[in-house]
1. For the chain, what's the relative contact order in percent, using C-alpha pairs closer than 8 Å and at least 6 residues apart?
2. From the square roots a ≥ b ≥ c of the eigenvalues of the alpha-carbon gyration tensor of the range 302-358, which class results: rounded (a/c under 1.5), prolate (a/b over b/c), or oblate?
3. Please rank Asp534, Asp47, fewest neighbouring Cβ atoms within 10 Å first, as an exposure proxy.
4. What nm value, rounded to one decimal, do you get for the distance between Ile175 and Trp192 when each label is placed 7 Å out toward the C-beta?
5. If we count other beta carbons within 10 Å of each Cβ, what is the order of Phe273, Phe331, fewest first?
6. Under a crude label model (7 Å from the Cα following the beta-carbon direction), how far is Asn233 from Thr389 in nanometres?
7. Among the trypsin sites (Lys or Arg not before Pro) within the range 288-395, which fall in a DSSP loop and have no more than 12 other Cβ atoms within 10 Å of their own Cβ?
8. Got a sec? Charge dipole of the chain, +1 on Cβ for Lys and Arg, -1 for Asp and Glu; which of Pro74, Tyr145, Leu492 is way out at the positive end?
Amino acid sequence: MAEAQALADREPSEKEIRLVIGASSAGTIFEWYDFFIYGTLAYILKDAFYATDNETLGLLLVWSTFAVGFAFRPLGAVLFGFLGDRLGRKYTFLVTVTLMGIATAGVGLIPTVDTIGMAAPIIVILLRVIQGLALGGEYGGAAIYVAEHAPPEKRGYYTSFIQASVAGGFVLSIIVVLACRALIPADAFAAWGWRVPFLLSIALLAISLWMRLKLSESPVFQAMKAAGETSGNPFVESMTYPGNPKRLFVALFGITGILTTIWYTSFFSAMSFLRGPMHVTDLTVELVLLVSGLIVMSFYVIVGKWSDRVGRKKPIIIGAALTLALLFPLFWAMGSLANPGLAAAAERTPIVVSGPQCETDPFAELFARDQTDCGKVLETLTASGVPYTLTEGDSLRLSAGDNAIAIDPAWFETPAARTAGIRAALSHYGFDFTKQQPSTANIIGIVGILLALGVLSALTYGSVAALLSEMFPPKIRYSSMSIPYHIGAGYLGGFLPLIAGVIVASTGNIYSGLWYTWVIVAFGLLVAWWGIPDGPPKDFADE
């Protein structure tokens with residue numbers, strides 16, 4: 001059965017197309033809002049749900065729980081992909097958005113670790129599992145639903161609104177946080193106000209369900225069902241359909257691996273970088289991300305529409321290649337604009353650490369392992385955004401330029417005491433660890449860099465919903481598209497904040513975590529060059 005024939009037999013009207021795109025995109029925005037609000041508020045959740053005053057460990061624990069949701073996305077892709085290919089696109093993503101809304105609101109109701117102890121992070125993890133399962137079925141359902149309503153010559157353009165909606169969920173999470181900050185005093189927001197953005201999911205869920213219930217099933221699925229051509233076991237057929245193993249490999253590494261690592265680096269890594277080692281004020285970070293995110297959303301639509309003319313491969317190859325060339329320079333430039341005084345102080349007064357067993361273990365406290373005093377000093381310097389040179393030595397020494405810094409034994413009583421002591425000592429040599437408010441010119445420059453990162457993301461993401469829909473046969477499309485997408489997004493992308501954080505904590509170089517993105521994109525570029533079809537877009541043809 002040809003898709004073009006299914007669309008010709010029941011071509012949606014312009015009004016229906018607008019409803020399809022609007023309802024699917026709105027639902028996607030709300031669902032990704034639910035997922036991203038956790039990452040946006042990570043700096044508060046580490047204190048609410050984890051009993052540690054070690055800032056580095058606290059954030060790594062938050063990112064670990066963040067990664068748990070992603071780890072379960074492939075399982076959700078298998079489950080909901082099966083349902084989507086057997087029962088239909090519409091009802092499957094009604095279930096996924098409901099699960100996501102309920103689980104997100106649940107996070108806002110969990111008592112803190114001070115109240116119920118270890119039960120708090122355990123409940124958070126369970127809710128993140130539900131979120132991951134739901135998201136595993138959401139993206140594929142929404143993307144396929146729009147693709148199967150779109151005429152072939154506009155498929156990239158119409159589905160690009162789904163891609164833009166993912167960024168829209170991130171933007172919405174920031175808007176809600178900013179609104180809460182404006183209405184709730186800072187102390188109250190830290191104490192209980194952070195729960196409001198999570199509880200808001202109930203209202204967003206109601207809106208999303210109302211819009212999606214007005215939709216009808218996709219014409220392609222209706223035609224397949226009427227002809228008795230739906231799959232008996234979509235998961236098994238996805239693995240065995242002729243040519244599908246290659247397509248699944250390309251979708252995993254040559255498409256999803258590229259887009260997901262670039263996306264999370266552009267948004268989450270940039271947010272953590274500015275808020276953490278660069279010490280930029282929370283409000284400024286949220287505002288620059290909001291402005292850049294709103295503008296970036298249009299880039300996905302532009303690229304999607306462009307791909308209808310030039311094909312799906314060209315934008316992805318260009319975006320991946322530019323990322324390899326520009327990733328490190330863009331972050332170096334952002335660091336120099338966000339906190340120029342820190343870089344100047346480090347250049348003027350280089351920090352040198354020497355001592356025995358100078359290795360960091362970011363999870364030492366969690367697993368009750370001993371960490372040397374030198375390792376603790378290195379961990380604090382890294383968390384503070386201070387570059388250093390490490391030399392061998394028989395005893396622990398810390399120096400700023402030619403000046404030896406006296407090491408106070410009180411530093412090693414608690415992580416908080418160590419952070420305060422080391423920062424106080426370095427402040428005498430020009431290091432400023434107060435919250436930074438960059439100049440207007442520098443803020444404009446930071447927004448420009450974030451927009452450049454957004455262009456890289458749009459090039460590798462804007463046409464993907466159309467591309468993945470076209471790569472797989474209709475009867476197993478939901479499963480075949482969702483499984484590699486969510487393995488890639490779940491593991492290669494979802495674990496990026498955690499892996500990059502561990503790399504930074506282990507090396508002491510605040511830019512070293514970018515190597516993870518660079519390597520994944522480099523491998524993905526080779527796979528994409530080899531495996532993505534050349535030429536203009538075309539529908540899947542049975543082999």
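Here, each number is a calculation from the coordinates, and none is a lab measurement. Everything numeric here is computed off the predicted structure, so don't read it as measured data. Note that each Cβ is placed from the backbone with ideal geometry, even for glycine, and that neighbours are counted across all protein chains shown.
1. With pairs under 8 Å counted, the relative contact order is 27 percent.
2. Numbers: a/c = 5.86, a/b = 2.68, b/c = 2.19.
Since a/c reaches 1.5 and a/b is larger than b/c, the shape of the range 302-358 is classed as prolate.
3. Values: Asp534 9, Asp47 18.
Lowest count first: Asp534, Asp47.
4. For Ile175 paired with Trp192, the spin-label model returns 2.7 nm.
5. Numbers: Phe273 24, Phe331 20.
Exposure proxy ranking, most exposed first: Phe331, Phe273.
6. Calculated label separation equals 6.4 nm.
7. On the way: sites: Lys305, Arg309, Arg312, Lys313, Arg348, Arg369, Lys376; in loops: Arg312, Arg369.
Here the trypsin sites (Lys or Arg not before Pro) that fit, given the DSSP loop and packing criteria, are Arg369.
8. With unit charges placed on the Cβ atoms, the residue in question is Tyr145.
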